[in-house]
Amino acid sequence: MADILLGARDVAIERGYRCLLKGLSLDVERGQLVQLAGANGVGKTSLLRALAGLGRFGVTGHIARPQALLYLGHLPSTKPTLTPVENLRWHPSGRVAEDDQAIVAALAAVSLTGYEETPIHHLSAGQQRRVALARLWLSTEPLWLLDEPFTAIDVLGAALLEARLVEHADQGGAVVFTSHQPNRFGDRLQVLDLTQYAA
Amino acid sequence: MPPDLWQFLWGQMRRQLRVGMSKPGEVLNPLLFFVMVVTLFPIGLGPNPERLALLAPGILWVVALLSNLTVSGRLFAADFEDGSLEQLALASHPLALTALSQVVAHWLLSGVTLTLASPLFAVMLNLPVQAIPVLMASLLLGSFSLSLVGAIGAALTVGIRRGGLLLSLLIIPLYVPILVFGVSAVSEAANVGDPMRWLALLGAFAAGGIVLAPLAIAAGLRISLDS
């Protein structure tokens, strides 16, 4: 039981007057990579937010999650007028230490060397997405919940991200992510098709 | 307070200040609003110095209140729109304290700036010189309370499109005691009375607000994020 990082029992999600999902149970263990799959509107983002502890109105069932987790949604949670270093140093999640060397190394890991002091509104959309993703290289949380992490990044960025997710799982963490991309992880990946829980 | 919490709050405040300073319009707009509206009163009421001096405390305070109202509604909007608010809610630190650090940063950029500029407008409206320090003290204390109250409304309406009218309906009644205390303090000083009891009431309002308002702001933000 100690290896289970996230447990959900009989979760149902309603949005407005519409029931998106019901009867969903899920255990995520250390070392697992779980992809939430399904068509648009099936409730992937709503489920991921509910697993993180956000958007609680309309969510029933029991969800046990660790106190510290990393959630990366559609929104970047970065400020356009701040530099990548400032954005990561003062990240609102409060889990990034003021260690500029680690931040510079994280930016290097997402191929943003040379852009450390450039306000991010001068960067492309893909580069801005990489700034948000650089948090993954600074994270110490065991559980990562990522909403469409492969969106808006190029092939090299996707490969770097893929390697980082596998590394995290290998180090005893777990990753739950939504994606419409084909399986990038082979047998390592557990795909949870939410269509089967559609109400 | 644990050192990591203090470091986090200090970091969030620096983040807000840095973002505010990088958009000078956000700092200057309330000040510009103040200048424009205060300038209209001598034109509308006529250039009679005695009449302006009589009305100056009320004019200055009402315009300061409206100036605060124009910026308070957007206090959490940018953080809501870029996802920062979600991250703040998931942080292991209390959302109430984080919200307080945001309000303090907002106050430093708007209320304190307005307070520092207020003597100029006081002279423009012929407010007696002995009332100017009291005007500044009342605005310093009062603008902090206005920011706290405004933040409660902003937290409750941040997820609502065009929530400006609702925000006004929610917070203007709560602004009224601050307005009464502030105007009374400046009027007393202008009439060579004792403004201390009114300043004490403003201080008490700010002290109560600093304890209670962050809890209401955090609850409002969670409701907005959860719905």
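The values are calculated or read from the model by the stated rules, or taken from the named source; none is laboratory data. Quick caveat: nothing in here was measured; it's all calculated off a predicted structure. So basically every Cβ, Gly included, is an ideal-geometry build from the backbone, and we count neighbours across all protein chains shown.
If you check A:T178 against the conditions, is it farther than 30 Å from A:A39 by Cβ and of a type in the set (S, T, Y)?
no
Would you list the helices (runs of 4 or more DSSP H) that sit entirely within region B:71-183 and hold 1 or more residues that are more than 14 Å from chain A (Cβ to nearest Cβ)?
Counting at least 1 such residues, we get B:95-109, B:111-124, B:132-157.
Across region A:40-62, what is the number of residues that are away from chain B (no Cβ under 14 Å) and touching a strand residue (DSSP E or B) at 6+ places or on another chain (Cβ under 9 Å)?
Looking only at that region, the number is 7.
Could you say whether any residue in region B:37-50 is within 14 Å of another protein chain (Cβ to nearest Cβ), in a helix (DSSP H, G or I) and surrounded by 18 or more Cβ atoms within 10 Å (Cβ to Cβ)?
no
Taking region B:202-215, which residues are free of Cβ contacts under 8 Å to residues at least 24 places away in the same chain and hydrophobic (A, V, I, L, M, F, W, C)?
Hits for region B:202-215 are B:A204, B:A207, B:V211, B:L212.
Taking A:V11, is it over 14 Å from A:D147 (Cβ atoms) and either of a type outside the set (K, R) or assigned by TED's automatic domain parsing to the domain that holds A:G173 (or both)?
Answer is yes for this residue.
List the helices (runs of 4 or more DSSP H) that sit entirely inside region A:10-115 and contain at least 1 residues that are in contact (Cβ under 8 Å) with a residue 60 or more places away in the chain and touching a Gly at 6+ places or on another chain (Cβ under 7 Å).
A:44-52
Quick check on region B:196-207. Is at least one of its residues within 14 Å of chain A (Cβ to nearest Cβ) and either over 18 Å from the mean Cα position of the chain (by Cα) or assigned to a helix (DSSP H, G or I) (or both)?
The answer is no; no qualifying residue exists.
Could you identify the single residue in B:L88, B:L135, B:L100 that is crowded, with 20+ Cβ neighbours inside 10 Å and over 21 Å from the mean Cα position of the chain (by Cα)?
From the options B:L88, B:L135, B:L100, the qualifying one is B:L88.
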